[in-house]
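Down below is the structure, laid out as structure tokens.
The values are calculated or read from the model by the stated rules, or taken from the named source; none is laboratory data. This structure is a prediction, so every number in the text was calculated from the model and none was measured. No Cβ is skipped: glycine too gets one built from the backbone with ideal geometry, and neighbour counts run over all protein chains shown. Accessible surface is based on the protein model in full, side chains and every heavy atom, while ligands, DNA and RNA are left aside. Shrake-Rupley method; radii C 1.70, N 1.55, O 1.52, S 1.80 Å.
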Amino acid sequence: MTHLLVGPPEHGVVRYGTAVHAALAADDPAADDPAGHALVAVPAVDSRTVESVCTPTGPGLVHLQFTDRLFGASAPEAADAATGLVTALHDRGARVTATLHDLPQPSDGTGFTRRVECYRRVAAALDAVVVSSDHESALYTDHLGLQSPPEVIPLMVETLVVPPGAAEPSAGTVSVGVLGFLYPGKGHIETLRAMDDLDADIAFVALGAPSPGHDDLVHELEAHATAVGRPLEVTGFLDDAELYRRMATITVPVAHHRHMSASASVNTWRSLRRAPLVPRTRYTEEMATRSPGTLLVYADADLPATIAAALDDPSRTRIGDDIAVHPTPAEVAAAHRVVFERVCR
């Protein structure tokens with residue numbers, strides 16, 4: 001089979017597809033045969049994409065990682081590119097499955113209807129659909145209007161190692177940190193405002209860069225931090241080693257994204273055995289049930305008090321050695337194999 005990844009290698013969805021391929025290849029006897037278990041990465045879908053996937057023996061099964069923003073400049077363009085690709089692969093005799101990311105939800109605002117139509121078209125073209133949470137499965141059923149429910153395979157939690165010598169939270173400046181790109185609704189400004197009654201020496205750190213077109217969010221953070229006299233840092237892009245090192249120095253990790261449906265940011269904290277503060281939503285409650293003891297869940301109005309309590313006892317944000325974090329790469333690989341084997345029967 002072939003894992004086909006579309007988009008820049010640093011994008012979270014592309015990185016996740018690479019991790020899924022690695023997990024499946026780790027204990028697959030066919031992994032030593034590039035034609036038997038291949039990974040193909042392309043910057044965008046074009047006329048050469050099908051040829052890059054198809055081998056002389058045929059493409060077999062192709063698995064995609066789909067989010068509309070990677071397949072086109074607009075939702076209709078993304079649908080055209082993805083469905084055209086699936087049709088061309090079907091014409092070559094392939095079966096095509098995909099994990100759909102960033103499922104449409106009403107909080108998308110004016111783009112919701114276009115995104116629903118995009119995802120409906122893509123899902124209808126596939127031989128099987130995977131989503132990353134029961135919450136996303138409900139979004140799929142509620143909004144796409146397709147009869148066959150998707151398969152649910154939660155995002156894997158890898159075991160990440162902080163580089164030797166990285167500072168522990170207690171060794172440096174006391175801080176509250178938010179991980180990931182800055183974009184509307186991610187919760188950066190809400191988290192900073194929730195710190196207003198805390199000691200002004202406690203720093204706010206945004207671990208990441210603004211999404212394209214959202215530099216204004218950095219200016220908003222800077223204006224508020226200046227007004228209350230709080231240290232602020234927006235790190236910009238960090239490579240993995242530096243990112244993990246900086247994450248290790250954060251006293252209290254927060255992920256105040258109330259519209260998340262599957263979160264790589266939350267899982268990255270958990271991969272480093274940190275339990276981030278997350279708002280109570282259908283998705284975060286699902287995560288907490290799947291892997292107890294790995295999140296600190298709060299009601300929206302309780303964010304300031306929850307941050308203050310975590311600062312008083314930062315050990316609450318560290319996952320104990322006796323707690324397993326699920327799902328592991330092996331568990332995710334096994335779940336994918338079940339789907340792939342059913343499709344190929």
Relative contact order, percent, the chain [alpha-carbon distance under 8 Å, six or more residues apart]: 15
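Go through the range 212-304 and name the chymotrypsin sites (Phe, Trp or Tyr not before Pro) that are in a DSSP coil and have 15 or fewer other Cβ atoms within 10 Å of their Cβ. Could you put the intermediate results ahead of the total?
Values: sites: PHE237, TYR244, TRP269, TYR283, TYR298; in loops: PHE237.
Taking the range 212-304 and a limit of 15 other Cβ atoms within 10 Å, the loop chymotrypsin sites (Phe, Trp or Tyr not before Pro) found are PHE237.
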Nearest-10 value in Å² for the accessible area of ILE189, using the 1.4 Å probe: 20
Rg ratio (alpha-carbon, reference 2.2 N^0.38 Å) - the range 80-125: 1.31
Viscosity 1.002 mPa s, temperature 20 °C, Stokes-Einstein D of the chain from Kirkwood C-alpha radius, µm²/s: 101
With all protein chains modelled, accessible area of HIS135 [1.4 Å, Å²]: 20
Efficiency of FRET from Cβ geometry, ALA223 and HIS259, R₀ 22 Å, rounded to 0.05: 0.35
Nitroxide proxy distance, nm - points 7 Å out along Cα→Cβ at PHE237 and THR173: 2.4
Computed label-point distance, nm, for sites ILE323 and GLU117 using a 7 Å Cα→Cβ extension: 4.5
Fully extended contour minus Cα-Cα distance, from THR87 to SER107, at 0.36 nm per residue: 4.1 nm
In nm, spacing of pseudo-spin labels at ALA334 and GLU51 (7 Å Cα→C-beta vector): 4.2
